[in-house]
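Taking it in order: structure first as structure tokens, then the write-up.
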Amino acid sequence: MRALLVLLLTLAAALPAAASEIVGALSQNRVSLTTSFSGSEILIFGAIRRDPGEEQTAETDEANGATDYDVVIVIEGPRQPVAVWRKDRRAGIWMNVDSMAMASVPSFYAVATTAPLNQIVSPETDATYRISARQAIRGVTGDTAGTPESALFTEALMRIRERSQQYLALDRWVHLDRDILFRANVRLPANLTEGAYTTRMYLVQNGAVVSQFRTAIFVRKDGVERWIHQLAFDQPLLYGLLSLVIALVAGWGASALFRMIRQS
Amino acid sequence: MLVYLPIAEISTNILTLLGVGAGVGMLSGMFGVGGGFLITPLLFFIGIPPAVAVATGANQVVASSISGVLAHLRRKTVDLKMGTVLLLGGLIGSTVGIWLFRWLSALGQIDLAVQLSYVLFLGVVGALMLQESLRAWYRTKKTGSGRRKLHQHTWVHALPFKMKFRVSGLYISVIPPLMVGAVVGILSAVMGVGGGFIMVPAMIYLLGMPTKVVVGTSLFQIIFTTAYTTVMHAVTGHSVDIVLAFFLILGGVIGAQLGTQIGLKLKAEQLRILLALLVLAVCIKVALDLLIQPGELYSIRVLGGE
């Protein structure tokens, strides 16, 4: 019996990463962009399965001041190519003078954590797993990210997207219950792009990722919106003519209606 | 109450859209202008992407002009021959304008181009209109004045390819109307406006057309040019937002009816002074945006779309 316990403990010590696990789920993994769409609240929840060996040492860990688990949730929207433009004064007028193209930048990026990200994740881990928005962008801009010029553009991209609530840093947003259950409510904004929103959940301990879980939210236009969008791109001529007909009928119909009302 | 716009890909308050439509419709009913020059900057202001604002603005002008065109056709105050020549120029201009729009978008300078053309055209037209209407107002107060010459010979009459325009009572070269039409076509494609504010003065002062047929003929040209522009923007840029257009038009037609009623109660000279002030106000607003240092120097543009 004692021999078995020793064996288990050594196994647990040898495979720390495989020991504890994070498992997560979403309240919904399909978001429909319909006419009345005004943003959507998504509940992300899950559980941490602790490895049994560690549970026994938990008390001694706490006494030693060892850090507990933290959870980091990343929601990343479909990537798009963008150009960031810089304005400058030319002949007294503020105009775009300079730009930097970035091949693929997330259209939406939210990082929800149990504690401030820089306190629970080491910079190396952040870089490896591309957790913060800065790292997610740096991954695509590649080598040029080092030059001070391009750093300014990256900063600007982050700043603008943060202001428009497309990039969110949700510190202390994840609630951790008894170190086992976690949940977070993330609000997706109204200006969503169609596509797959990958959702990554990381179990973090001592600055390193112990376990991760991946899933996705599928955002697509639905109903009339979907039909209109498809028509506009698949049958642009028909679509253009349709918008003309609507304009003509509405413009003429309304004035005819008002004339009738006034005469009666 | 929010509505998701499928092409602009943002959701906006329905009441805001109806309000913008109704406000502009009211002014267009009061002054007899299409209102495109007001609606496009307002759409920029509420966060609609410039490409969508311009294309949808053109669509809205079609709706706000159709009842006017029908009324003028019924009253036979449309010079169809002149309108057709202007329209030919307009189609050429619009095609060039669409191409120019795409080229400037690719260069990242479309916002600047649109804003600069607003400042330039609204500034010049507004100032001319204000000066002219103030003088007319002054004249009606003083009574008794010099009469305008019925027929003035300018360089316009020295050009070749002359044509007879019976309704307008003109025998002039087709080159100036073609040029006027082309300029208006370019403006319609780049600025999302009908171009009435530039065509009406051009027809009166440059072509020497009688005032009676000017408005009807310009509306006739505008409706075809903006219709063509709308379809071209839809085909080349996929940038016409039918849902956005619908709410703008809905607000617009209601506003236009109110505006017409108000317009009937005001004197023509007062109306023209008000319109001139309005045009100048939009011009100054856009100019200030260009001259004052913006709070954010950087801007993001998503490339490629789909």
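Could you list, in sequence order, the residues of segment B:233-246 that are open to solvent by 30 Å² or more (accessible area, probe 1.4 Å) and not hydroxyl-bearing (Ser, Thr, Tyr)?
B:235, B:237, B:238, B:246
Quick test of your reading of the structure: residue B:264 fulfils all but one of (1) within 14 Å of chain A (Cβ to nearest Cβ); (2) in contact (Cβ under 8 Å) with a residue 12 or more places away in the chain. Name the failing condition by number.
The number of the failed condition is (2).
Quick check on my filter: what residues within segment B:1-37 are within 22 Å of residue B:265 (Cβ to Cβ), open to solvent by 10 Å² or more (accessible area, probe 1.4 Å) and aliphatic (A, V, I, L, M)?
B:22, B:26, B:27, B:30, B:33, listed by residue number.
Identify all residues within segment A:239-264 that are under 42 Å from the mean Cα position of the chain (by Cα) and within 9 Å of chain B (Cβ to nearest Cβ); write none if there are none.
A:239, A:240, A:241, A:242, A:243, A:244, A:246, A:247, A:250
Looking at (1) of a type in the set (Ser, Thr, Tyr); (2) in contact with a strand residue (DSSP E or B) (Cβ under 7 Å, 6 or more places away or on another chain); (3) more than 30 Å from residue A:136 (Cα to Cα), find the lone condition where residue A:239 falls short.
(2)
Looking at segment A:203-216, I want the residues that are under 16 Å from residue A:49 (Cβ atoms) and have a partner that is in a strand (DSSP E or B) and aromatic (Phe, Trp, Tyr) with Cβ atoms under 6 Å, at least 6 apart or on another chain. Which pairs are those?
A:209/A:202; A:212/A:202
Every residue in segment A:217-238 that is touching an Asp or Glu at 6+ places or on another chain (Cβ under 7 Å), facing another protein chain (nearest Cβ under 7 Å) and in contact (Cβ under 8 Å) with a residue 60 or more places away in the chain, please. Spell out how you get there, then give the answer.
Kept after step one, since they are touching an Asp or Glu at 6+ places or on another chain (Cβ under 7 Å), are these residues of segment A:217-238: A:219-221, A:233.
Now narrow it down to the ones that are facing another protein chain (nearest Cβ under 7 Å): A:221, A:233.
Answer for segment A:217-238, where residues must be touching an Asp or Glu at 6+ places or on another chain (Cβ under 7 Å), facing another protein chain (nearest Cβ under 7 Å) and in contact (Cβ under 8 Å) with a residue 60 or more places away in the chain: just A:221.
Could you pull out the residue among B:268, B:234, B:245 that is at pLDDT below 80 and in contact with a helix residue (DSSP H, G or I) (Cβ under 9 Å, 6 or more places away or on another chain)?
B:268
Considering segment A:72-82 alone, what residues qualify as being open to solvent by less than 10 Å² (accessible area, probe 1.4 Å) and either in a strand (DSSP E or B) or at the interface with chain B (Cβ under 9 Å from one of its Cβ atoms) (or both)? Quick ask: steps written out before the conclusion?
Taking segment A:72-82 first, the residues open to solvent by less than 10 Å² (accessible area, probe 1.4 Å) are A:72-75, A:77, A:82.
Result: A:72, A:73, A:74, A:75, A:82.
Looking at (1) more than 14 Å from chain B (Cβ to nearest Cβ); (2) free of Cβ contacts under 8 Å to residues at least 40 places away in the same chain; (3) acidic (Asp, Glu), can you tell me which one residue A:179 breaks?
(2)
Filter segment A:40-57 for residues that are modelled with pLDDT under 80 and out of contact with any Asp or Glu (no Cβ under 9 Å at 6 or more places or on another chain); which is least open to solvent (accessible area, probe 1.4 Å)?
The residue in question is A:53.
Among the residues of segment A:199-218, are any part of a helix (DSSP H, G or I), of a type in the set (Phe, Trp, Tyr), open to solvent by 20 Å² or more (accessible area, probe 1.4 Å) and on the phi < 0 side of the Ramachandran plot?
no
Select from segment B:77-111 the residues that are within 19 Å of residue B:55 (Cα to Cα) and of a type in the set (D, E, K, R) and write down the one among them that is least open to solvent (accessible area, probe 1.4 Å).
Of everything passing the filter in segment B:77-111, B:111 is least open to solvent (accessible area, probe 1.4 Å).
Anything in segment A:97-142 that is hydrophobic (A, V, I, L, M, F, W, C) and over 13 Å from residue A:79 (Cα atoms)? List them, or say none.
Result: A:97, A:100, A:101, A:110, A:111, A:112, A:115, A:117, A:120, A:121, A:127, A:131.
For residue B:74, only one of the following conditions fails: (1) open to solvent by 30 Å² or more (accessible area, probe 1.4 Å); (2) more than 13 Å from chain A (Cβ to nearest Cβ). What is its number?
(2)
Pick out, from segment B:1-76, the helices (runs of 4 or more DSSP H) lying fully within it that include 1 or more residues that are over 23 Å from residue B:120 (Cα atoms) and more than 20 Å from the chain's Cα centre (by Cα).
Details: elements: B:14-31, B:36-45, B:50-74.
Because the criterion is at least 1 residues that are over 23 Å from residue B:120 (Cα atoms) and more than 20 Å from the chain's Cα centre (by Cα), the helices (runs of 4 or more DSSP H) in segment B:1-76 that meet it are B:14-31, B:50-74.
Out of the residues in segment B:277-302 that are surrounded by fewer than 13 Cβ atoms within 10 Å (Cβ to Cβ) and part of a loop (DSSP other than H, G, I, E, B), which is farthest from the other protein chains (Cβ to nearest Cβ)?
Selected residue: B:295.
Checking the condition in contact (Cβ under 8 Å) with a residue 40 or more places away in the chain and closer than 22 Å to residue A:241 by Cβ, which residue from B:100, B:87, B:128 passes? Don't jump to the end; show me each part of the working.
Numbers: B:100 fails: closer than 22 Å to residue A:241 by Cβ; B:128 fails: closer than 22 Å to residue A:241 by Cβ.
Criteria check complete, one pass: B:87.
Please state which one of B:194, B:208 is open to solvent by 10 Å² or more (accessible area, probe 1.4 Å) and part of a loop (DSSP other than H, G, I, E, B).
B:208
The values are calculated or read from the model by the stated rules, or taken from the named source; none is laboratory data. Quick caveat, the model's predicted, so the values are computed rather than measured. Positions of Cβ are generated from backbone atoms using ideal geometry, with glycine treated the same way; all protein chains shown enter the neighbour counts. Side chains included, ligands, DNA and RNA excluded: accessible areas come from the protein's heavy atoms. Shrake-Rupley method; radii C 1.70, N 1.55, O 1.52, S 1.80 Å.
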